[in-house]
Structures are given as C-alpha cells and as structure tokens.
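Report on one structure; see the data block that follows.
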C-alpha cells in the first residue's frame with residue numbers, strides 16, 4: 001500500500017508540473033512615453049536584480065514571472081511596478097521630466113533661512129529640483145552614516161542632517177526631484193587619516209590644493225569603494241539621482257600618484273570609477289550624473305584631469321558640464337569675452353559636446369552661473385544674464401539645468417513664475433539628431449598646459 005501511495009503521489013506531482021508548464025506564458029514588459037505613447041528603446045529595466053534593456057518596440061520578454069520591475073531612462077522620472085501574479089503583459093509608462101535645480105550645500109540644507117528661501121523659489125518659480133550635498137567639498141558627510149570608514153577618518157564630526165531618509169521624504173512629498181551631490185577625490189579627512197591613499201608631492205609629502213585641502217588618489221580602488229558606498233546610502237535614502245563632483249584628478253601638474261599619470265591612465269581611472277559606480281548602483285534604480293569642466297566640451301585631450309569627453313560619453317546617465325561664463329578664461333571660438341555672451345557660452349559648448357559624442361541632448365544637464373563674476377566686470381548673474389543661460393540650455397534641448405551659487409543665495413529675477421504661459425520649455429530634439437556644426441576650438445584650448453579652472457567648484 002505504501003508503494004502504491006508513493007506511486008500515485010509521484011504521478012500527481014508530474015501531472016501538476018506538466019499542467020503548470022502547459023499554462024505558463026511569457027511575460028511581456030512594454031515601456032512607453034506617457035505623453036506620446038511611443039515605445040522607449042533601451043529603457044534600463046531591473047527585473048528582480050537583473051538589468052535588461054528594452055528593444056526597438058520598447059519591450060522585454062520574460063520566461064519567468066517577475067516580483068518587481070524598476071525602469072528608468074534619461075529624460076524621464078523612474079518607475080517601479082509590482083506585477084499582478086500571472087500577468088502576461090506589464091505596461092509601464094514613463095513620465096517626461098526636466099529638472100530645474102538649485103544647489104544647497106550641507107550648511108544651506110541645514111540653515112532654516114536658506115532652506116526656506118530655496119523652497120519658496122521652488123513653490124513660486126519654474127524650479128522643481130534640489131542638488132544637496134551628501135559629501136561636500138571638505139570631505140564631510142553631513143548625516144549619520146553606517147560606513148565605518150566615514151567615522152574612522154573624521155568624516156562624521158559634523159552631523160547636520162539628523163535623519164537623511166526623513167529629509168528626503170519631506171522634500172519628495174513636495175514633489176521635488178532630489179540629487180545627491182558627492183565630492184569624490186577632493187577629500188581632506190580621508191587623505192589625512194589614510195596617508196597611503198593621499199595625493200603626494202614629488203617629495204612624498206601630502207599635496208594640497210589652492211584651498212590648502214588634500215586630495216585622494218583616483219587610482220586607488222579603496223577610494224572608489226568608499227565613495228560608492230556613500231552613493232549607495234544616498235540611493236537607499238530615496239534620492240532620485242547621484243551626482244559625482246570632483247570626479248577628476250587635481251588641476252595641477254605637480255602632484256604624484258600611485259601610478260604614472262599618463263593621459264590614458266587618468267582617463268581609465270575616471271571612467272573606471274564611474275563604470276564601477278554604475279555597476280554597483282544598478283540594483284537601486286537611481287540615475288547617475290558626473291560634473292565635468294566646461295572646457296572639457298572643447299578640449300580634445302583630457303584637460304590633464306582625466307576627463308575626456310568621448311570616454312565619458314554614455315557612462316553616466318547625465319553629463320553635467322560646468323558652463324559658468326566666468327570660468328571660461330580664454331573664451332570660446334568667436335567669443336573672447338564670455339560674460340558678455342552667456343547664451344553663446346552655454347549653447348555652443350553643449351552643441352560642441354553633442355557633436356563630439358553623438359549623444360541625445362537629454363543626456364546633458366549643465367551647471368549655470370548664479371553668482372557674481374570674479375574674472376571680468378563683477379556683474380551678478382541674475383535677471384537677464386541668468387535667463388540667457390537658461391534660454392541657451394532650452395534651445396539646445398538639455399535635460400534641464402542647475403543653478404550654482406556657493407553661498408546658496410538665489411533670486412527670482414530671471415526665473416519664470418510657476419504656471420505662467422511662458423514656463424513651458426521647448427520640445428527636446430529628436431534623440432540622436434545630428435548636431436549642427438560648431439567651430440573648432442583653437443589650439444590654446446585643446447592642448448593648453450594652463451588648465452582652465454571652473455569657477456567656485
């Protein structure tokens with residue numbers, strides 16, 4: 001009897017298994033633009049920790065059911081879906097979104113006065129996003145981190161944000177797109193505590209920049225891991241985007257590194273870091289951006305800092321050139337005085353970058369100047385000078401823009417009022433549209449040994 005019962009049990013299991021296979025169906029994920037309803041090709045789709053890309057029809061076919069699907073694509077807000085059990089089709093619509101951000105330092109985010117002023121501008125004007133320091137220029141993390149190395153090196157001495165997740169939730173409840181700024185290789189606490197990771201002088205001492213701050217060696221994987229760990233904490237806290245700043249070598253020819261500082265080695269280090277960050281952040285469905293010098297749009301070398309445009313193209317979701325007119329000390333072809341031509345500086349630099357990379361305009365989001373000029377005539381960039389930069393970015397079709405003022409003092413002049421008729425930005429160019437030809441940069445910009453330095457950051 002026992003053997004007979006065992007036989008029937010095995011037979012019943014086989015029938016159930018076969019029936020399951022007979023009724024099993026593929027799951028088709030389709031990703032479309034919520035406005036045009038057109039399919040989105042190459043949408044980054046995370047299915048139960050496996051990253052896939054949609055095809056020309058905007059679809060992915062799964063042979064097994066998915067518990068969770070996360071999708072993002074540059075130019076849109078990200079989406080997360082939990083499919084119904086047994087669903088054969090999962091339709092996901094991504095909403096187009098153009099971030100228009102202002103920057104708050106760690107102290108700006110903590111200052112009630114500066115924070116309130118920033119939120120008031122977001123409520124009343126076209127602004128809809130914030131760039132907030134998570135690890136700032138001094139290498140300090142402004143929140144309580146679970147990363148042991150942060151406390152070990154002295155990066156936790158000043159805790160300004162008591163609860164990072166709660167702060168993120170507060171802003172996101174207001175509909176604000178949040179970008180976590182992480183200063184990477186300019187890190188005084190890490191360099192001083194871990195001398196083996198520091199950039200050195202030719203004599204072996206710790207090298208310091210113009211602000212008397214030490215940097216860490218971009219060749220060292222320990223430095224990569226530390227900063228990516230911080231990025232993961234920011235992603236886990238709910239930020240929409242991770243922005244890596246100072247993702248470069250120091251703009252000086254004097255320091256010594258753990259490897260020979262050839263152009264190839266520098267470029268491999270910077271792109272390698274961003275590729276590793278992209279890999280490790282993949283499970284969190286978060287966008288990645290990288291700040292680059294404005295002249296990187298023009299220089300055909302790596303500007304001696306490891307930022308070579310063609311190598312960077314397509315690695316982060318967004319490239320963020322710092323197009324402050326005051327920082328263009330040599331001007332650009334046809335425009336020697338940049339502060340008198342802020343529109344041309346922004347537009348032609350973006351077009352030059354697009355021409356070289358063949359990326360869609362929506363893969364760029366420039367930093368624009370919202371502070372007083374320091375190099376030419378001391379004009380303050382608000383009102384018309386600010387509006388001219390914004391108009392240039394919109395004419396180009398970038399995925400928005402970001403205002404930089406290191407003191408976090410921003411003004412409504414030059415910004416459109418919320419819901420005004422003129423507040424709608426022009427449509428972005430068709431992806432992969434061939435860019436218009438732009439004049440070649442003069443040799444002084446291409447191979448200059450005097451490195452053009454971006455203003456204030």
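The values are calculated or read from the model by the stated rules, or taken from the named source; none is laboratory data. These figures come from a predicted structure and were not determined experimentally. Cβ placement follows ideal geometry from the backbone for every residue including glycine, while neighbour counts extend to all protein chains displayed.
The table for this structure:
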quantity: Residues satisfying the stated conditions in the range 212-238, i.e. surrounded by fewer than 21 Cβ atoms within 10 Å (Cβ to Cβ), in contact (Cβ under 8 Å) with a residue 40 or more places away in the chain and assigned to a loop (DSSP other than H, G, I, E, B); calculated: 213, 237, 238
quantity: Subset of the range 259-304 [outside any helix (DSSP H, G or I), touching a strand residue (DSSP E or B) at 6+ places or on another chain (Cβ under 7 Å) and under 24 Å from residue 354 (Cβ atoms)]; calculated: 287, 288, 289, 290, 291, 292, 293, 298, 303
quantity: Entirely in the range 31-73, the strands (runs of 3 or more DSSP E) that have 3 or more residues that are under 15 Å from residue 283 (Cα atoms); calculated: 44-47, 50-53, 69-72
quantity: Of residues in the range 38-66 being within 11 Å of residue 27 (Cβ to Cβ) and out of contact with any strand residue (DSSP E or B) (no Cβ under 7 Å at 6 or more places or on another chain), the one modelled with the lowest pLDDT; calculated: 64
quantity: Selection count, the range 35-54, where residues are surrounded by fewer than 14 Cβ atoms within 10 Å (Cβ to Cβ) and out of contact with any helix residue (DSSP H, G or I) (no Cβ under 8 Å at 6 or more places or on another chain); calculated: 7
quantity: Residue satisfying condition, being in contact (Cβ under 8 Å) with a residue 60 or more places away in the chain and either in the same structural domain as residue 418 (by TED's automatic domain parsing) or under 25 Å from residue 365 (Cα atoms) (or both), within set 162, 169, 194; calculated: 169
quantity: Any hit, the range 242-258, residues being assigned to a helix (DSSP H, G or I) and either modelled with pLDDT of 95 or more or surrounded by fewer than 20 Cβ atoms within 10 Å (Cβ to Cβ) (or both); calculated: no
quantity: Out of 419, 405, sole residue that is free of Cβ contacts under 8 Å to residues at least 24 places away in the same chain and surrounded by fewer than 22 Cβ atoms within 10 Å (Cβ to Cβ); calculated: 419
quantity: Pick from the range 74-84, criterion touching a residue at least 40 places away in the same chain (Cβ under 8 Å) and not in a strand (DSSP E or B), ranking: farthest from residue 96 (Cα to Cα); calculated: 83
quantity: All helices (runs of 4 or more DSSP H) inside the range 147-200 with 1 or more residues being at pLDDT 95 or above and within 16 Å of residue 216 (Cα to Cα); calculated: 148-152, 188-193
quantity: Residue satisfying condition, being closer than 27 Å to residue 77 by Cα, assigned by TED's automatic domain parsing to the domain that holds residue 163 and crowded, with 22+ Cβ neighbours inside 10 Å, within set 282, 290, 313; calculated: 290
quantity: Every residue from the range 201-228 that is closer than 28 Å to residue 162 by Cα and out of contact with any helix residue (DSSP H, G or I) (no Cβ under 8 Å at 6 or more places or on another chain); calculated: 225
quantity: Residue among 266, 208 that is within 24 Å of the chain's Cα centre (by Cα) and either closer than 17 Å to residue 147 by Cα or surrounded by 15 or more Cβ atoms within 10 Å (Cβ to Cβ) (or both); calculated: 266
